[in-house]
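*Asks:* One structure, as structure tokens, below. Some questions next.
The values are calculated or read from the model by the stated rules, or taken from the named source; none is laboratory data. For clarity, every value in this text was computed on a predicted model and none was experimentally measured. Cβ placement follows ideal geometry from the backbone for every residue including glycine, while neighbour counts extend to all protein chains displayed. For accessibility, only protein heavy atoms count, side chains too; no ligands or nucleic acids. Shrake-Rupley method; radii C 1.70, N 1.55, O 1.52, S 1.80 Å.
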Amino acid sequence: MGQKREVPRDTKLWYEKPARAWTEALPIGNGRLGAMIFGKVNQERLQLNEDSVWYGGPVNGNNPDGRKYLPEVRRLLMHGNHVEAEEIAQMGMMSIPKSLHPYQPLGELHLYHDGEKKMISNYYRGLDIEQGVAQVRYSLNDVRHVREMFSSAIDQVLVVRVSCDRPAVLNLRMNLSRRPFDEGSHRFGKDTLVMRGECGRDGVTLCTAVKAVADGGSVSIIGDFLSVRNAKSVTIYLAAATTFRCEDPLGECIQQLEHAAGKGYEQVKQDHLADHVAKMQRVHLELGMPESRSETVLLPTDVRLQRFKDGGDDPALVSLYFQFGRYLLMASSRPGSNPANLQGIWNESFTPPWESKYTININTEMNYWPAEVCNLAECHEPLFDLIDRMRPNGRITAQKVYGCKGFVAHHNTDMWGATHIEGNFMPGSIWPMGAAWLSLHLWEHYRYSMDPKFLRERAYPVMREAADFFLDYMFEDKQGRLVTGPSTSPENKYIGSDGSVGCLCIGPSMDSQIVYTLLQACVDASSELQMDEAIRSQWQAALRKLPKPQIGKHGQLMEWVEDWDEVHPGHRHISHLFALHPGEIIHARHTPEWAQAARRTLERRLEHGGGHTGWSRAWIINFYARLLDAEESYEHLRLLLAISTLPNLFDNHPPFQIDGNFGGTAGIAEMLLQSHRGEIALLPALPKAWSNGKVSGFRARGGFEIDMEWENGELTHCVIKATKNNLCRVVSTRPEASYLVETAGKPVSTRVSEHLTEFDAVEGTSYVLTMRNHAHLAETTQVSL
């Protein structure tokens, strides 16, 4: 018998040609400093971004008349006059100025090969996501050239290494630019160029510096170019800084360059690899049979994607897409950086779509859905830092616009933490739920880590202050329900009872669902912390008076408190299913009627063309996973890749928007593991296309890490590691089965009821689960350890 062939690791995006467009270029980043790599040979372009390069400064946009006109807007809505209410709200409540400022490019680094054009052969362009290193290889007149590029989180520099296989033949020149706001570059010493810039009145000033270190040959400066002559290799270090974080961006850049160059390329690279690889390797995912992986890994990524779009099967491409999502989160959101915005950190336009800001009525939240389950919890931290910056602004907005305590935010924010009613967009702007939804991300971080210090010092104060706003803001309607308003069902419009089209309303379903989730989280948190008993009773009273999900005339979950039809039944936002995901109010097993109404809601959206944007399709994957519908979930994952994925695997809204990548990654995880409502579900929505596979390193709420293997659609091996002392409750996907639990080869005492197997988990202990039929329960002897 021959030896079993080793399957190559599928950790690379790779191509046989340079990128023709920005959406084909490859991203690198360290959370703060990123680049898009085109891979051109004679004239390479690295499009650069630094996460604090935003035009302009903080915007104080609270409308001074907001508090005056709020009661009138509310009164008109309560009497069904939404047309006049919207006219007054547009003038008296929307912000001044209307729009936030954009996130903008840092600039570009251009590399040129000197001399006559040469014969190009043996071309390769790739990105190893496990190592976080991009590479371009090619031959020029049979001289082999290699470029390696990465952005180091350890040394906070972007590194480009160009080498060739013969000495004294490498001749390069390079320069920096920032068209159309290019203020020129100047020399700093003998081997460094510096480019400075500014971002408008009250905006940050920026500095980019690039240093070249040659192996053999020479480095000189001619005009605003660095010139490398007769070298075997050259290492290019690029640093960037703005006044958002330091008073002296130039000094910061020079210090970073000198430090990195002093370490040398090999040490900088090794430190980068040690940091990056350790985080990427926390989670491994293999889908499909090894034989299929060994064939597809030999194909360029764009070819694989096209084959998938044409109906081909490639489970390994799904695994690669999943890990690419984790890579993008690491590359665009690290401790100390800003959060990932609508484009992560990668943006080539000075006027990007939607200003490439933080849209917090779904998109920013979706960016962070993979953070906890996919074992990148520290990548969640920049979002918490932004929330901290929002809180002082949100208190002012709550008081000036609504006359309420607590803090509030609306559907957009920026680097500075804006909270006012931004925009002039009636379907979306007046939506006071942004702070509430964001604060739930701190609660989720706690639920995965079970860190009481984080809950007490970081999460609970934010959650409580967000809840304070709603105790002041909500009011009772004619039926005695506590409702919000004025508000919207994000970006959607309804047809009123008189046939008129409206946006503003009282008590949209999503609002009630978010408030319920927030108040319940505050009740649970205060109970765990054993504090705030008095206000806890107020939260509990409010919870009892919130509107419950209602089923409408189409069998759908109602989007508003009235059973209005949508102007666009196929709308991209499906906000009223927040209760299904990421919320937990609706559950396939515990609330079957609501779950069926949620399914009908999805069907109606899809019947009318819904899911047409990448992020919306990604949300649908998660919805169907929560409904335990494996094949529908997988079908929408297929459509996400087939319709809404660009050649470099970026999500396509269109245009490019990174939330779909993160939502897709989270959806894959949701199909394989769920841990809401205090239950862990193993392989809850496993499609036939993934009948074989394995995963390791997933995290579950309650303080658990989980490894699984399965064959022919059946779980064959599962290990649950407890990171805290806690009750572990595992739900079986088969009603006739439960789990045998062992540790160190010995059975663990379990309690079995209906679908659930539960046991007391001990911190640091690993438990092996084996599925068994209930018919054999009587034959099993269990020993308490």
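*Asks:* Could you sort out which of 12/232; 40/190; 17/40 sit more than 20 Å apart by Cα distance in this structure? Don't skip to the end; give the middle numbers.
*Replies:* On the way: 12/232 27 Å; 40/190 27 Å; 17/40 8 Å.
Checking Cα-Cα distances, 12/232; 40/190 exceed 20 Å.
*Asks:* Accessible area of residue 516, 1.4 Å probe, to the nearest 10 Å²?
*Replies:* We get 90 Å² for residue 516.
*Asks:* Which order do the peptides 33-39, 614-620 take when ranked by the mean count of other beta-carbon atoms within 10 Å per residue, highest first? Working shown, then result.
*Replies:* Details: 33-39: 25.1, 614-620: 28.4.
Ranking, from highest mean packing down: 614-620, 33-39.
*Asks:* Here is a further query. Where a Cα-Cα gap under 19 Å defines reach, which aspartates and glutamates qualify for residue 68, not counting those fewer than 8 residues away within the same chain?
*Replies:* Cross-link targets: 84, 86, 87, 422, 472.
*Asks:* Calculated FRET efficiency, residue 166 and residue 306, Cβ-Cβ r, R0 35 Å, to nearest 0.05?
*Replies:* On the way: r = 37 Å, r/R0 = 1.06.
Working from the Cβ atoms, E equals 0.40.
*Asks:* Applying the Karplus parametrisation 6.51 cos²θ - 1.76 cosθ + 1.60 with θ = phi - 60° to the phi angles of segment 349-355, what ³J(HN,Hα) value in whole Hz is obtained for each residue in order, glycine and proline being reported as x?
*Replies:* 10, 7, 10, x, x, 6, 6
*Asks:* Relative to a virtual label point 7 Å from the Cα of residue 691 in the Cα→beta-carbon direction, which members of segment 277-309 show backbone nitrogen distances below 19 Å?
*Replies:* 286-294
*Asks:* Can you return the lysines within cross-link range of residue 724? Criterion is Cα-Cα under 20 Å, with same-chain partners fewer than 8 residues away left out.
*Replies:* By straight Cα distance, residue 724 reaches 453.
*Asks:* Sticking with this one: Could you list, in their original order, any pairs among 478/548; 98/357; 211/263; 211/269; 309/694 whose Cα atoms are separated by more than 18 Å? Spell out each step's value before the answer.
*Replies:* On the way: 478/548 15 Å; 98/357 14 Å; 211/263 14 Å; 211/269 16 Å; 309/694 25 Å.
Listed pairs above 18 Å: 309/694.
*Asks:* At a probe size of 1.4 Å, how large is the accessible area of residue 188, to the nearest 10 Å²?
*Replies:* 90
*Asks:* For residue 68 and residue 725 in the same chain, what is the full-extension length gain: residue separation times 0.36 nm, less their Cα-Cα distance, in nm?
*Replies:* Working: separation 657, 0.36 × 657 = 236.52 nm, distance 5.22 nm.
In short, 231.3 nm is gained.
*Asks:* Right, next: With every protein chain left in place and a probe of 1.4 Å, what is the accessible surface of residue 78, to the nearest 10 Å²?
*Replies:* Surface open to solvent at residue 78 totals about 60 Å².
*Asks:* At residue 593 and residue 299, where each label point lies 7 Å from the Cα along Cα→Cβ, what is the point-to-point distance in nanometres?
*Replies:* Simple spin-label model gives 4.9 nm for this pair.
*Asks:* Suppose every K and R has +1 on its Cβ and every D and E has -1 on its Cβ; what is the size of the dipole of the chain about the Cα centre, in Debye to the nearest 20? Write down the numbers at each step before the final one.
*Replies:* Working: 83 positive and 96 negative charges, 189 e Å.
Value, rounded to 20: 920 debye.
*Asks:* On a 1.4 Å probe surface of the protein chains, which of 222, 345, 120 comes out largest in accessible area, and what is the full order?
*Replies:* From most exposed to least exposed: 222, 120, 345.
*Asks:* Return the whole-Å distance between the Cα centroid of segment 167-192 and the Cα centroid of segment 477-527.
*Replies:* What the calculation gives is 55 Å, centre to centre.
*Asks:* Show 606, 637 ordered by accessible area, largest first, where the area counts protein heavy atoms only and the probe is 1.4 Å. Can you show the working numbers first?
*Replies:* Details: 606 45, 637 0 Å².
Of 606, 637, the descending order of accessible area is 606, 637.
*Asks:* For segment 454-521, which trypsin sites (Lys or Arg not before Pro) are both in a DSSP coil and crowded by at most 14 other Cβ atoms within 10 Å?
*Replies:* Details: sites: 456, 458, 464, 478, 481, 493; in loops: 478, 481, 493.
Those that pass, being in a loop and sparsely packed, are 478.
*Asks:* As an exercise, find the ratio Rg/Rh for segment 325-445 from alpha-carbon atoms, using the Kirkwood inverse-distance average for Rh. Intermediate values should be presented prior to the final figure.
*Replies:* Numbers: Rg = 14.2 Å, Rh = 14.6 Å.
Result for segment 325-445 is an Rg/Rh of 0.97.
*Asks:* Shifting gears a bit: Looking at 136, 73, 120, which one has the Cα that reaches farthest to the positive end of the dipole of segment 1-157 (charges on Cβ: Lys, Arg +1; Asp, Glu -1)?
*Replies:* Final value for the positive-end residue is 120.
*Asks:* Something else now. Residue 540 to residue 87: extension gain in nm, 0.36 nm per residue of separation minus the Cα-Cα distance? Spell out each step's value before the answer.
*Replies:* Values: separation 453, 0.36 × 453 = 163.08 nm, distance 3.60 nm.
Extending this stretch completely gives an extra 159.5 nm.
*Asks:* Follow-up question, since we're still on this one. Can you list which of the trypsin sites (Lys or Arg not before Pro) found in segment 13-98 are DSSP loop residues with at most 12 other C-beta atoms within 10 Å? Don't jump to the answer; show the numbers that get you there.
*Replies:* Working: sites: 20, 32, 40, 45, 67, 68, 74, 75, 98; in loops: 20, 32, 40, 98.
Answer in residue order: 20.
*Asks:* At 0.36 nm per residue, and after removing the present C-alpha to C-alpha distance, how many nm does the segment from residue 121 to residue 378 gain when stretched out fully? Intermediate results must be reported in sequence, preceding the final value.
*Replies:* Working: separation 257, 0.36 × 257 = 92.52 nm, distance 4.24 nm.
The residue 121-residue 378 span can extend by a further 88.3 nm.
*Asks:* Ignoring everything except DSSP H segments at least 4 long, calculate the 222 nm mean residue ellipticity for the chain; use -39,500 (n - 2.57) per segment, divide by total residues, nearest 500. List each step's numbers first, then the result.
*Replies:* Details: 18 runs with 237 residues, N = 785.
Per the formula, -9500 deg cm²/dmol.
*Asks:* Rounded to the nearest 0.05, what FRET efficiency do residue 17 and residue 565 have when you use their Cβ-Cβ distance and R0 = 35 Å? Write out the running numbers ahead of the final one.
*Replies:* Details: r = 49 Å, r/R0 = 1.39.
The pair residue 17/residue 565 has a calculated efficiency of 0.10.
*Asks:* Right, something else. What percentages, rounded to whole numbers, describe P(r) for the chain computed over all alpha carbon pairs with 10 Å bin width beginning at zero?
*Replies:* 3, 13, 22, 24, 19, 12, 5, 1, 0
*Asks:* A further question follows. Assuming R0 = 30 Å, can you tell me the calculated FRET efficiency for the pair residue 60 and residue 248, based on Cβ-Cβ distance, to the nearest 0.05? Present the calculation step by step, with values, prior to reporting the outcome.
*Replies:* Details: r = 27 Å, r/R0 = 0.91.
So, using R0 = 30 Å, E works out to roughly 0.65.
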